[in-house]
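Accompanying notes for the structure given below.
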Amino acid sequence: MRRRPAEYRRPVRRRLSQWIWALVGMFLIAGLVLFVFLHNHHEDQVNQPIMGEHAIKHGGFNFTKEILNASSFSRQLAEQMTLAKAYVIIAKEHHNLHLAWELSKKIRSCQLLLSKAAMRGEPITVEEAEPIISSLSYLIFKAQDAHYDIATTMMTMKSHIQALEERTNAATVQSTLFGQLVAEVLPKSLHCLKVKLINDWLKQLPLQNHAEEKRNSPRVVDNNLYHFCIFSDNILATSVVVNSTVCNADHPKQLVFHIVTNGISYGSMQAWFLTNDFKGATVEVQNIEEFSWLNASYVPVIKQILHQDSRAYHFGADQDMKVEPKLRSPEYLSLLNHLRFYIPEIYPLLEKIVFLDDDVVVQKDLTRLFSLDLHGNVNGAVETCLETFHRYYKYINFSNPIISSKFDPQACGWAFGMNIFDLIAWRKENVTAQYHYWQEQNADQTLWKLGTLPPALLAFYGLTEPLDRRWHVLGLGYDMNIDDRLIDSAAVIHFNGNMKPWLKLAISRYKPLWERYVNQSHPYYQDCVIS
């Protein structure tokens, strides 16, 4: 290949011309200047403190430590302010309103200065504190010259504290008493239901004939069936107990319910259970007034109710306010409440029975209770001694030698409200006679206050078989913090306490557990309760 002449060759290609190099240099210089400017601007922003950071970082200032420091002005101002507040009260009591106003004005100035010091995160200076300390000191000395000395101040404040404590205690007792009264009063809706039902009972003779047939049914004494007893005058509550029991039973037709009520509620209770279906379960209703053996010569509690001192204790104007209000409640004198100690006499032909309070809801099949081995004991119950206040010594007076010689003060208490009773063992051990003995010993109410649990703890002592805790969970009438898992696993939940589920003061979290077993489709319920 021939080489071209020099004049025909392409010129050599330069990489960058001089003006391009100049342009690149200018860009580099501009970038460097911009970088320096932005860096300095960022440092200025970082170095500018915001108020919160200044309060936190400024010299490591801690206002709490400052006010606790005995030599700080903050501490002196706080102490003077406390003393000045006391003198304000005393000055007002002595009608020295001008002095009280002056003290109050300086107290506000002191509070303002302490607030500013806390906000800015710096100690109070002597220039700031001196005027207020001087003026407050002058006013305090002025108050002392007016005979408001330290001794007077202490006595006055002590009397104020004592008066506040008395008012607090009185308010607590009154609140508890009002709560108890609300729990005892029958709601208007339930009274309406009772009136409508008693009207049906009196007008419809077929209902009365049907009731007589139920009473004479061989099922009520058949020991091959599962028997439950409820003693109550609350129709709706009793209905929930029965309904929840049959709804959760595997074989509801094998259940027999024995209800005992008073004469006032007997007709309405019969009318309700005769006109409602409970999945084929048998329901027997009895009138407590028909028990001829329930008299003062046989039952000690009736004798005590008729005693003049006992009636004054519960119904008189001069009641001892130191006694827990619920223990003065006539409910504790109710024969229906004490009828649980006479179950073998009410049902002489039965061998086993489950006792249910009217404020319980059944969530599991209870027929398994009848197959539990009680190991010769009379009573199967859930113990409550997981809490220390449910030991025997919390219910019974162990300073009495009769008690201390026979019982262990640390023995576990147990729950009344869901109990399986072996009536054969009951009759053998003569538990009712033991109950009578202790009731007579407590005629002066020195062994225990009122209620059925203390005498039950004595009468069934050594005769109680502890059941699994899941059989009976208590506290839904007063405890708002029961574990949901415990409630879900419970065979029976108990609304013991003042916050009954049929009252407006019921705990809303638990109320649906009770309401699901109310027959809300009944026309009387809709007329009386819903409307």
- Protection-proxy order for peptides 351-361, 85-95, each taking the mean of Cβ atoms within 10 Å per residue, highest first: 351-361, 85-95
- Message: Starting from the 7 Å offset along Cα-to-Cβ, what nm value, one decimal, do you get for the label separation of Leu112 and Lys303?
- Response: 7.8
- Past 24 Å, Cα to Cα, is the threshold; run Lys92/Lys142; Lys85/Lys158; Lys303/Lys394; Lys196/Lys253; Lys394/Lys428; Lys253/Lys511 against it and keep the listed order. Lys303/Lys394; Lys196/Lys253; Lys394/Lys428; Lys253/Lys511
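Between Ala443 and Ser189, 0.36 nm times their residue separation minus their Cα-Cα distance comes to what?
87.6 nm
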- Taking the Cα-to-Cβ direction at Leu349 and at Ser371 and moving 7 Å from each Cα, how far apart do the two end points lie in nm? 2.6
- Query: In what sequence, highest mean first, do 412-421, 279-288 appear when ranked by Cβ atoms within 10 angstrom?
  - Reply: 412-421, 279-288
- Per-residue SASA entry for Asp444, accessible area with 1.4 Å probe, Å² rounded to 10: 100
- Query: Restricting attention to the stretch 384-493, which trypsin sites (Lys or Arg not before Pro) occupy a DSSP loop and are surrounded by at most 15 other Cβ atoms within 10 Å?
  - Reply: Lys406
- Query: What accessible area per residue comes out for the stretch 212-252, rounded to a whole number of Å², with a 1.4 Å probe?
  - Reply: 39
- Item | From phi via Karplus (6.51, -1.76, 1.60), per-residue ³J(HN,Hα) for the stretch 413-427 in Hz, x at Gly/Pro | x, 9, 8, 9, x, 8, 9, 9, 10, 8, 6, 5, 5, 4, 5
- Given labels modelled 7 Å from the Cα in the Cβ direction, how far is it in nm from Asn295 to Lys504? 4.5
- Rg(Cα) of the stretch 388-507 divided by 2.2 N^0.38 Å? 1.20
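The values are calculated or read from the model by the stated rules, or taken from the named source; none is laboratory data. Everything numeric in this text was worked out from a predicted model, so none of it was measured. All Cβ positions, even for glycine, are placed from backbone atoms using ideal geometry, and neighbour counts span all protein chains on display. Only protein heavy atoms, including side chains, enter the accessible area calculation; ligands, DNA and RNA are left aside. Shrake-Rupley method; radii C 1.70, N 1.55, O 1.52, S 1.80 Å.
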